[in-house]
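Undergrad: Pasting a structure here, questions to come.
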Amino acid sequence: MVTVPVSQLKPGERIIENVLTKFNNILFMKGKIVSERDLDILRAFLIPSVQIESNDGEAEPAAQEAASEEQADNVLPFHEHYHKMLHLLRRVFNTAASGGHNPPILEIRTTLEALIKNIDQYNVLTFNPRHFQLNDFIFHNSIMVGLTSYLLAKWHGLSSKDLMQVALAGLLHDIGNAKVDPAILFKPSKLTPEEAEDMKRHTIIGYNMLKPVPAINEGVKLCALQHHEREDGSGYPLGIQGDKIHTYSKIVAVTDMFHAMTTDRFHKKAASPYLVLEQLQKESFGKMEPAIVQTFISKVTAFHNGMLVRLSDNRIGEIVFSDRTHPTRPWVNVNGKIVNLTVERHLHIQEVIQK
């Protein structure tokens, strides 16, 4: 074990003791391999020195064990099942695009259940798919919407028998896009009015694809049709209002909007999750179900204190207090100075670095 100043720390070296902030929150866990970005964070938090493994490469057994457990238990299972789900969904969409048979619901459900068993490793605000490619946006969005819809349904008090069905509704809500012209689907610029109308057809196409499938309930099928409907009747394809929209569709409408706006797409870059939450809050007045939106915002921002974030002026800080009346605008400690985002409205959280 060697103690080295942060100024002399190099990328690739392994930290073998937890690094704490001045508020005694864990900045980095022991066993972490340092990256260039980690060096910036250490400097931003004025950490003077850290303990790393010695030159002979031997770390303390406890640190090696912790690092091994962290890799084995916290990362690999979730990402392994996520990768399987990604490949399966790609195959399902390709089969549907070529006019193939009904989606293999049993295989989809079994793969989704295995992923959800590791959902404690999934954080709505901080998760980014590994090896993300723009061509796979629809698949990633579908998986994340499925996972987040499962959590939101659970948070909102839906019965246990509904949870997997809601997850399936989120996973399959965009299956109609399999039959949309790829030139429209992957267009890097704004759609023309005619193209936008063609795109809207994915809701009816998706419903017709799922309608004859006996292994899913009516809520899953309706979600493919209704996830773009809005409470005030301004949505599509039918322009129906509040009580005519299925609860699954109301949940997926919220999670789909969140993930669509916080993930890179061909025609736009990802937006800050905190700005998207604020927009969702505004949308809840008339567009979205207010109670569902409130549950979502409250729960995804409930893990704030100690979270590392990058502000819109590129400063890195640590959330130290969250006012539940303004959940998207906490207090952030930046080098010992408190930035109250409720007051300093010109700033916002651009990126969550570490939960």
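Undergrad: With a 1.4 Å probe and every protein chain left in place, work out the accessible area per residue of the chain in Å², rounded to a whole number.
TA: It amounts to 47 Å² per residue over the chain.
Undergrad: Relative to the longest principal Cα axis of the chain, at what angle does helix 76-97 sit, 0 to 90 degrees, rounded to 10?
TA: Once rounded, one gets 30 degrees.
Undergrad: Trypsin sites (Lys or Arg not before Pro), restricted to the stretch 252-336: which are DSSP loop and have at most 16 other Cβ atoms within 10 Å?
TA: On the way: sites: R265, K268, K269, K282, K287, K299, R310, R315, R324; in loops: R265, K268, K269, K287, R315, R324.
Passing both the DSSP loop test and the Cβ count: R265, K268, K269, R315, R324.
Undergrad: Under 37 °C and 0.692 mPa s, how fast does the chain diffuse according to Stokes-Einstein, given a Kirkwood radius computed over C-alpha pairs? Answer in µm²/s, whole number.
TA: Answer, rounded: 149 µm²/s.
Undergrad: While we're on this one: Which whole-number percent gives the relative contact order of the chain, counting Cα pairs below 8 Å spaced six or more residues apart?
TA: About 12 percent, as a whole number.
Undergrad: Let me ask something else about it. In a GNM of the chain with a 10 Å cut-off on Cα contacts, which of Q133, Q294, Q281 has the highest mean-square fluctuation?
TA: Result: Q133 has the largest fluctuation of those listed.
Undergrad: With the full set of protein chains in place, find how many percent of the accessible area of the chain is carbon and sulfur; take the probe as 1.4 Å. It would help to have the intermediate numbers written out before the result.
TA: Working: 8680 of 16850 Å².
With neighbouring chains kept in place, the figure for the chain is 51 percent.
Undergrad: Given points 7 Å out from each Cα along the Cα-Cβ axis, report the N135 to R90 separation in nanometres with one decimal.
TA: 0.8
Undergrad: Further, regarding this structure: Any idea what angle helix 105-116 forms with the longest principal axis of the chain, computed on alpha-carbon atoms, 0 to 90 degrees, nearest 10?
TA: It is inclined by approximately 20 degrees.
Undergrad: Hey, another quick one. Can you give the extra length, in nm with one decimal, that the chain gains between L106 and I338 once fully stretched, where that is 0.36 nm per residue apart less the Cα-Cα distance?
TA: Additional length available on full extension: 78.4 nm.
The values are calculated or read from the model by the stated rules, or taken from the named source; none is laboratory data. Please read all numbers here as calculations on a predicted model, not as lab measurements. Don't worry about glycine lacking a Cβ; one is built from the backbone with ideal geometry, like all the others, and counts go over all protein chains shown. Please note that ligands, DNA and RNA were not included when accessible areas were found on the heavy atoms of the full protein model with its side chains. Shrake-Rupley method; radii C 1.70, N 1.55, O 1.52, S 1.80 Å.
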